[in-house]
Each structure stands twice: as structure tokens, then as C-alpha cells.
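The values are calculated or read from the model by the stated rules, or taken from the named source; none is laboratory data. Predicted, not measured: the structure shown is a model, and the values here were computed from it. Counting neighbours? That spans all protein chains shown, and the Cβs are built from the backbone with ideal geometry, glycine included.
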Amino acid sequence: MPPAQAIAVTLQQFTQEHPGWACLYWLRDADDRISLQAEQGLSTFITGSKLDVDAQHQQRIARILQDGEPLTEDRRTNSNGLLPHIAFAAGLRRAGAVVGVVELLAPASVDPNHSGGRPAVEQLADRISRLLHQDDSLPPPTAAFWEELDRFLFEIHRTLNLEDVALTAANDGRRLLGCDRLSVAVVRGQETRIAAISGQDEVQRRANLVRSMRRLTERTLRGGTPLRYEGELQHLPDELHQALADYLVESRMRLVWVLPLHAPGPVDDLRAEHDPQRKQRRAIGALIVEQSSVSQPQPGLAAKSELLGDHVATALTNAQAHEAIFLLPLWRSLGRLLTWMHGRRLWWTAAGLLLLTIAGGLLTWLPWDYRVEAEGLAMPVEKYDVFAPWDGDVLELTVVSGERVRVGQILLTLRSDELQTQRLTVENEVREKHKQVSALTSQFQEADRRGAAADAVRLQGELVQARIELAGAEQELQLLEERLEKLIVKAPAAGVVATFQLRQQLQNRPVQRGERLLQVMNDQGPWQLELEVPEYRMGHILSALRRSAAESLPVEYVPSTAVEHAYAATLTEIATRSNSSAESGTIVEAYASINPDDLPHRRIGAEVTAKISCGEHSLGYVLFGDLLEFFRRKLWW
């Protein structure tokens, strides 16, 4: 109901409650002129055909317009065109200023001090003042307002991003309405969330203020009618009291409006704006209008809020419909691409797509040799490790690193003080046993000659025991001699001393039994590649070996000293267990036979890079299969 009509109804209700009374509603216009806007029951007091406002009446109205204080005036003796009466008057306020006067005319029989006219006119003035706050026809919007509204509409409708629309509506809408804070709530499915609050770049959804605002908005939207709190709770539904009280504690606002936003009707429905069922459409959100200083709405706030709400609802509906499109980023990118492809760009794009198609076909169907790369060393097949036969010290080295040796050639000599001591001890024991055997032999012969049978038997037993002990000592001495002879270390085969810096490592150095002293390798015999294949690449090699009838695979390798040439090899053996490598992690040793004449200078231990052929795969897998396997190992499992 328009405020002017509501004021007329209010005056009518008052006269119905107070028979014989009259109500007059005076309002000051933009030119500061006072005029009678509405009246009820005045005809019972007029003596003539119309109301004649005398000077005293004008002074009364002017005084109230000046100070706004209510007054009571006895006009039972001097009424000037009106029947004798008692006048009660009070000022009407709008935005803190007195803009009008309401008068009550009571019959002359009424006692001015005990009639209740003074409180009645004050209550009536308060009710009309509230209605005036909602009267947007006074004063009419200025040109500056429409310019600001145009800017607001431009900003809110130039984007289809829901968050941007809500943020623009909250910040620019607050300036347009002139309120202290404006918030925008958005409904998504069954959830209501506060999308934007004026003055805040980001909404802290866990804050108590935001959570209580969301609960109040949800209950308001559930009820379907706007919530208008202006300092009183009496006219609000009971189900909103607790939620509103909780929010007022957090916000400390004196005016709170929660205005539901409804999705607009079809564009081709010209009657949609005036359809009484429009407000029953689906609620898509709400505007939360707040004032902290006064509980009375600012002039024009209601109409501005309704106007603003319609535009915000339209913008939010468009943004929600836009963001609800399935795979929107994809379609947006595709649309930009199609827009970009016009004219000559279309032909260039078609040519590019054709090339990509050809490249994709080649990557998919063109067969190519798939090779597994491995690092390794070029080594002779015949390798011999020379170990220390006993604990001792290296007494003499007769060869140097890289020297070619013959079978049985002395490589080095060890000295073992322990074996020498044991040999001396055993030699002394052998000599003692020889003397003992000689003595017992003489005694036995003497006893036999004397015919002393008992002594002869005893001496014969002792002689046998002494001879056994002598044989054991001689055998132990022979074993020690063999051990001492082994201290002279000889070459197990012909070849080259492959140990580097042999003299620095062994000369006068104590060694232990079983310790490797040096290596002898036959560089004139067959050679092979000792490769370290990463364990995760072994699947390709094993599959290729199962398909190979010869149970071998071709290998191509490049020595590090001659990278400009590649040579052929044949994979012949794979280890049955995995090992750990400091450089490559878990590896599997593999061996490939080579032609030693391919090696430049036949340098033992030359580093090589080998590629083991595992059969044909698609070109795409050959180029990008390693990357695919990496993602499978690191991300998939």
C-alpha cells in the first residue's frame, strides 16, 4: 500500500475509534509551503463551506514546524470558522526534520487535561512519521540519483561471474541506498550463503556475524515475506524473533531489512512486472539492508531497495544460469577459439589441425625400434682375482700396474712372521723327535740283546709312539713349508695387471688372508660389456627375450672415449637378482658380448652407453613411453 493511502487509512481508523473527533494531516512541500494533505471528520467542525485557516491556526502550525514539540490549545471561545473545540497538534518527522503536522480536533465538551488527546496525537504523529519514511514520492529522485543508478546498472550487468555480481551489488548498492551496510545472500540448492558484504573484499564465513546473518536470512526466505526490523519486534513473526535477536547482538544494528530476491519472469511476459504472483517465484537470494545510527529508514529507502532488488535479482539470476552451464570453462575457451578462427586464421588452423592429425597418426601407427638405455663398462671376459694366501706383510712387489705377465710369473712376495715362528717350532720338534727315536732304538736293541723281554716290549711301544709323533711333526713341517711357499704369489694366468696404483696400495702393507691383492685380466681374449640396467626397465628386456628365438638381443653401444662411433654387441646373459647402485638405485646386471677390435686401445673399464633393442613399438610409445611409465610409477601407484 502506498504511504499516502496508508496515512489516510490511519486517520480513518483513528476517527472510528474516537467518534466526534477530527484528524488533519498537514505537509510541507519542496517550496516550503504547508498544505492540508488529508483529513477525517473535519466536516463536523466547519461552520462554513470550507476550512478557513486563521492567523492563530497558522502560528500554531508554524511553531510546531519550527520546534517539533506537541501542544494543546483551547479553542472553545475563539474558533474563527470552526465550532468550539480543543486542538491537539504534533510534528511529523522525516530523516530527523519536521516536515508536517498532525492535528486532532476534539469536541468542546472534552476536558483538555484528562481526555488523553495529548498522548493520542503523539502516537498518531509517530505512526504517520514512520509511513512518511516509506513515502518515496517526497522528494522525487534527483538527476544525480539516476546517474548513479545508471553506473550501478552498468557495473552489475557487465559481468556474469556470480561473486563479482554480488560484490558489486553490495558495495555500489550501499552508496546508492545510503545505508550503513548492505549484504547479498545467494541461494544454491538448499544452501543459503552470504556472498558479499559491503566494505569487505572477502566474506569470513566462520565469523559469528556472518553465521547469524545466514541463519536469519534462511528463516526469512523460508517464510517468504520480507523482514523489516525498525526497532520493534511486535509486528514480526515469532519464528524470526530468536534469529533476529542473535543477529542484533552480533551486528548492533538499529534497522535490519531482509528483502528476498526472486527470479524474474520470462522476458516476453509484458505483465511480469505487475503480476501479483511475481513475488511467489523462486527465491534466489536476499538483500540485507542495515542502519546503525537510527531505526527509522532513510527517505526513499524502501522504493530504492525494491528498485535495487529487482536489478540485483536479474543480475544474480543471469550469473547463476551462466555458471550452471556444464563444462562452462571448456565451452568458453571453445567459443573464444571459434571467434578467433575467422578469415585467413581458419585456413591456418585447418592446416595446423591437418598436421597434428598426420603427426598423431604417425605416432600411433608408425613402428619404431624401442631401446632400453643402460650404462656400463667394457671388460675382458677372463678376469682373475689374486688373494692373500695368509696373514702377512707385502715384502716385495715384482710387477707394476698395467704390466703384462705370464702364467706362474711372480707377482709379489709376502712375509708372515707367524708362519716363520711356527716353522721354527715344528723344526725343533722334528729334531727332538729324531733324537728320541734314536735313543729308544738303542735302548730297545740293548734290552733285546740282554734278553730283557719286559723292557724290550715297553721300549718297543715307546719307540712306535715316538715314530708316530715324528711323522706328524714332519707332516706339519711340510704343510708349513707349503704355506711359506705360497707366500710367493704368482700369476694365475697370462694377462695384464689391471689394478691401478699397485705399489701405492700394497708395498709394505699388512694384508689378511683372503684379501684381494690385485687383478689379472686377459685383454687379448674375448671382451664383454658389463651393463647396469634399471630394474624398472627390465620388463621390456625380458619380454623381448621371450619373443627372441636366439634368446639374445642386439645391442648398440658408444664408448665414452669415442662417442662419434657406435658399435654392435649382443646381450647374452642377465643376472638372476637385483643389486643396489649408488648412482642408479636398484639395477640388474647384464652382459653383452662384443668384438674387442671395435674398442679403441682396448682400455679396461672404459665407460660405455648401450641401447638394448627390445623390438618394435609405436613411434609415440618410443618417444613418450618413458614419460608415461614415470607417471605410472610416481603418480598412479
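Odds and ends about this structure:
- Enumeration of residues in the range 611-637 that are touching an Asp or Glu at 6+ places or on another chain (Cβ under 7 Å) and under 23 Å from Thr561 (Cα atoms): Lys611, Ser613
- Any strands (runs of 3 or more DSSP E) falling wholly within the range 455-553 and containing at least 1 residues that are over 30 Å from Cys614 (Cβ atoms) and either in contact (Cβ under 8 Å) with a residue 12 or more places away in the chain or not small (Gly, Ala, Ser) (or both): 488-490, 495-497, 516-521
- Hey, Arg336 in a helix (DSSP H, G or I), basic (Lys, Arg) and within 30 Å of the chain's Cα centre (by Cα) or not: yes
- Listing of strands (runs of 3 or more DSSP E) fully contained in the range 372-432 that carry 3 or more residues being in the same structural domain as Thr572 (by TED's automatic domain parsing), over 29 Å from Ser593 (Cα atoms) and of a type outside the set (Asp, Glu): none
- Any hit, the range 249-270, residues being at pLDDT below 80 and either of a type in the set (Lys, Arg) or surrounded by 18 or more Cβ atoms within 10 Å (Cβ to Cβ) (or both): no
- Leu65 falls short on exactly one of the conditions (1) part of a helix (DSSP H, G or I); (2) out of contact with any strand residue (DSSP E or B) (no Cβ under 6 Å at 6 or more places or on another chain); (3) among the aliphatic types (A, V, I, L, M), and that condition is (2).
- Scanning the range 244-263 for residues that are within 36 Å of the chain's Cα centre (by Cα) and outside any helix (DSSP H, G or I), we see that the one that is farthest from Gly189 (Cα to Cα) is Val258.
- When residues in the range 431-456 are screened for being aliphatic (A, V, I, L, M), modelled with pLDDT of 85 or more and touching a Leu at 6+ places or on another chain (Cβ under 8 Å), 0 of them pass.
- Answer residue from the range 294-333, given it is within 28 Å of Glu232 (Cα to Cα) and among the acidic types (Asp, Glu) and is modelled with the highest pLDDT among those: Asp310
- Matching residues in the range 213-268 - criterion: being in contact with a Pro (Cβ under 8 Å, 6 or more places away or on another chain) and of a type in the set (Gly, Ala, Ser): Gly223, Gly224
- Residue list for the range 572-630, filter: among the β-branched types (Val, Ile, Thr) and not in a strand (DSSP E or B): Ile604, Val622
Yes or no, residue by residue, for (1) modelled with pLDDT of 80 or more; (2) in contact with a helix residue (DSSP H, G or I) (Cβ under 9 Å, 6 or more places away or on another chain):
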residue	(1), (2)
Leu51	no, yes
Arg63	yes, no
Thr72	yes, yes
Asn80	no, yes
Ala87	yes, yes
Leu92	yes, yes
Ala95	no, yes
Leu105	yes, yes
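- Flag if Ala321 is touching a residue at least 40 places away in the same chain (Cβ under 8 Å), closer than 19 Å to Ala185 by Cβ and small (Gly, Ala, Ser): no
- For first residues located in the range 16-30 and aliphatic (A, V, I, L, M), partners that are assigned to a loop (DSSP other than H, G, I, E, B) and lie 6+ apart or on another chain with Cβ distances below 9 Å form the pairs Ala22/Gly41; Ala22/Phe45; Leu24/Leu51; Leu27/Leu138; Ala30/Leu138; Ala30/Pro139; Ala30/Pro140.
- Residue satisfying all of: in the range 409-454; in contact (Cβ under 8 Å) with a residue 40 or more places away in the chain and of a type in the set (Lys, Arg); farthest from Ala471 (Cα to Cα) among these: Arg415
- Conditions (1) closer than 30 Å to Thr499 by Cβ; (2) modelled with pLDDT under 90; (3) surrounded by 13 or more Cβ atoms within 10 Å (Cβ to Cβ); (4) under 48 Å from the mean Cα position of the chain (by Cα): number failed by Glu589: (2)
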